[in-house]
Amino acid sequence: MQTDQITLEAKTYIRELFRGNADGHGFDHSLRVWRNAMMIAESEVCDPQIVSLAALLHDADDHKLFATENNANARRFLEAHDIPAETADRICTAINSVSFSRNKGKRPETAEGRIVQDADRLDALGAVGIARTFAYGGSHGRPPEDSIAHFHEKLLLLKDMMNTEKAKEIAAERHAFMENFLREWHMETGRE
Ligand code: NI
């Protein structure tokens, strides 16, 4: 099967998988991470097919959403599409190196893992990052002020955690946009 066709089918697969889940860690997030990852991959030495599928499937076995083991959801898709076992392993290695909790903050060992990790972190920055932060806070009954604290505790630290040059560039732009937003927020509310 052609790479483009597999990408298309992977999108259909995750749309089904995340159906009915609106907490921001679903289908739209995965598509944005894929988009970021493909942008970064252009300037890195890597296997673009592994980057593409690892990005699309990176949350397919997220333990907050699914009770699967050994990347069962990702592997089910890869097996059904005759991806060779060795390639499937490399995809799952990349996926597993993205999660902060699972790899205890270590830098991913493969180029594909570093790219997808950057792509995932970029989705917490910029306009998308702002929207996601308030949506998440709101869905947990938190006032906007609490979300503002999250910017300082976590989101503003992300730009210095990127692995690749391309992601550092994009992160710097999105970081500046968030700082502008925070300046405006503090000006309008008179609060620090
Ligand atoms: Ni993610």
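Mind counting the residues in the stretch 126-148 that are exposed (fewer than 12 other Cβ atoms within 10 Å of the Cβ) and either outside any helix (DSSP H, G or I) or free of Cβ contacts under 8 Å to residues at least 12 places away in the same chain (or both)? Show your work before the answer.
Start the filter on the stretch 126-148 by keeping residues that are exposed (fewer than 12 other Cβ atoms within 10 Å of the Cβ), which leaves 127, 131, 139-141, 143, 145.
Narrowing further to those that are either outside any helix (DSSP H, G or I) or free of Cβ contacts under 8 Å to residues at least 12 places away in the same chain (or both): 131, 140-141, 143.
Result for the stretch 126-148: 4.
Helices (runs of 4 or more DSSP H) wholly in the stretch 6-125 with at least 1 residues that are within 18 Å of Glu165 (Cβ to Cβ) - which ones?
On the way: elements: 27-41, 48-56, 72-80, 85-98, 111-122.
By residue number, 27-41, 48-56, 111-122.
For the stretch 104-117, indicate whether the set of residues that are of a type in the set (D, E, K, R), buried (at least 20 other Cβ atoms within 10 Å of the Cβ) and over 21 Å from Val45 (Cβ atoms) is non-empty.
So far as the stretch 104-117 goes, no, none of its residues is of a type in the set (D, E, K, R), buried (at least 20 other Cβ atoms within 10 Å of the Cβ) and over 21 Å from Val45 (Cβ atoms).
Please go through the stretch 32-90 and give me each residue that is closer than 21 Å to Lys168 by Cα and among the charged types (D, E, K, R), ordered by number.
Keep residues of the stretch 32-90 that are closer than 21 Å to Lys168 by Cα, which gives 32-48, 51-52, 54-55, 58.
Scanning the stretch 32-90 gives Arg32, Arg35, Glu42, Glu44, Asp47.
Does Cys46 satisfy the condition of being touching a residue at least 60 places away in the same chain (Cβ under 8 Å) and either surrounded by 19 or more Cβ atoms within 10 Å (Cβ to Cβ) or touching a helix residue (DSSP H, G or I) at 6+ places or on another chain (Cβ under 8 Å) (or both)?
Yes.
Taking the stretch 93-139 only, how many residues are closer than 15 Å to Asp62 by Cα, within 12 Å of the ligand (Cβ to nearest atom) and at pLDDT 90 or above?
4
Can you tell me which residues in the stretch 16-30 are more than 11 Å from the ligand (Cβ to nearest atom) and either of a type in the set (A, V, I, L, M) or at pLDDT 95 or above (or both)?
Listed by number, the residues that qualify are Leu17, Ala22.
Considering every residue within the stretch 60-74, establish whether at least one is within 15 Å of the ligand (Cβ to nearest atom), over 13 Å from Ala94 (Cβ atoms) and aliphatic (A, V, I, L, M).
Looking through the stretch 60-74, at least one residue is within 15 Å of the ligand (Cβ to nearest atom), over 13 Å from Ala94 (Cβ atoms) and aliphatic (A, V, I, L, M).
The values are calculated or read from the model by the stated rules, or taken from the named source; none is laboratory data. Computed from a predicted structure; not experimentally measured. Cβ atoms come from the backbone with ideal geometry, glycine included; neighbour counts cover every protein chain shown.
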